[in-house]
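As structure tokens, the structure follows; a few thoughts come after it.
The values are calculated or read from the model by the stated rules, or taken from the named source; none is laboratory data. On a predicted model such as this, the values are computed, not experimentally measured, just so you know. Positions of Cβ are generated from backbone atoms using ideal geometry, with glycine treated the same way; all protein chains shown enter the neighbour counts. Just so you know, the surface numbers come from the protein's heavy atoms only, side chains and all, with ligands and any DNA or RNA stripped out. Shrake-Rupley method; radii C 1.70, N 1.55, O 1.52, S 1.80 Å.
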Amino acid sequence: MTATVPLKDLAEVIRSKNAGPYEITFDVMFTDADRYAHVRDSGVLNPTALASLYSVTESDVRTCQFFEPALAFKLTLVRHGDQGSIGERDTFGAQQHGPLLDILVPVPAPAPGEEARS
């Protein structure tokens, strides 16, 4: 069994916000280059998995990319309803990042003779 750690324990900031009337964007930001690289290389933040997480189609994933100069990851999704439309519950998009917090990232097994890192 592979050990895992939730994304919220590796990232410094995980947030969502309005990206106009038809999209919502998510940022995952790191302060540690090793943690950033580990999450990037783990492959867990990919269009297929994130579309499933947010119950949208992959065609609704507009941006899904890592940006190394900022040690950040950006996801942009098409909104289920237009911003401010009837039934829309979060006009600022500020409460949509919750599902990202608990994405499980595999922890690499220590090499023989090394201690497990946290």
Filtering the range 20-66 down to residues that are closer than 17 Å to Leu7 by Cβ, without any contact (Cβ under 8 Å) to a residue 40 or more places away in the chain and assigned to a loop (DSSP other than H, G, I, E, B) yields Asp32, Gly43, Asn46
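Thr76 - would you say it is modelled with pLDDT of 90 or more, more than 24 Å from Thr4 (Cβ to Cβ) and either open to solvent by less than 60 Å² (accessible area, probe 1.4 Å) or assigned to a loop (DSSP other than H, G, I, E, B) (or both)?
Numbers: modelled with pLDDT of 90 or more: yes; more than 24 Å from Thr4 (Cβ to Cβ): yes; either open to solvent by less than 60 Å² (accessible area, probe 1.4 Å) or assigned to a loop (DSSP other than H, G, I, E, B) (or both): yes.
When the stated conditions are applied, Thr76 passes them.
With Thr31, Thr48, Thr25 as the choices, which residue is open to solvent by less than 40 Å² (accessible area, probe 1.4 Å) and at pLDDT 80 or above? Quick ask: steps written out before the conclusion?
Details: Thr31 fails: open to solvent by less than 40 Å² (accessible area, probe 1.4 Å); Thr48 fails: open to solvent by less than 40 Å² (accessible area, probe 1.4 Å).
None of the others qualify; the one that does is Thr25.
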**OP:** Please verify whether the range 8-19 includes one or more residues that are part of a helix (DSSP H, G or I) and over 17 Å from Pro108 (Cβ atoms).
**Re:** yes
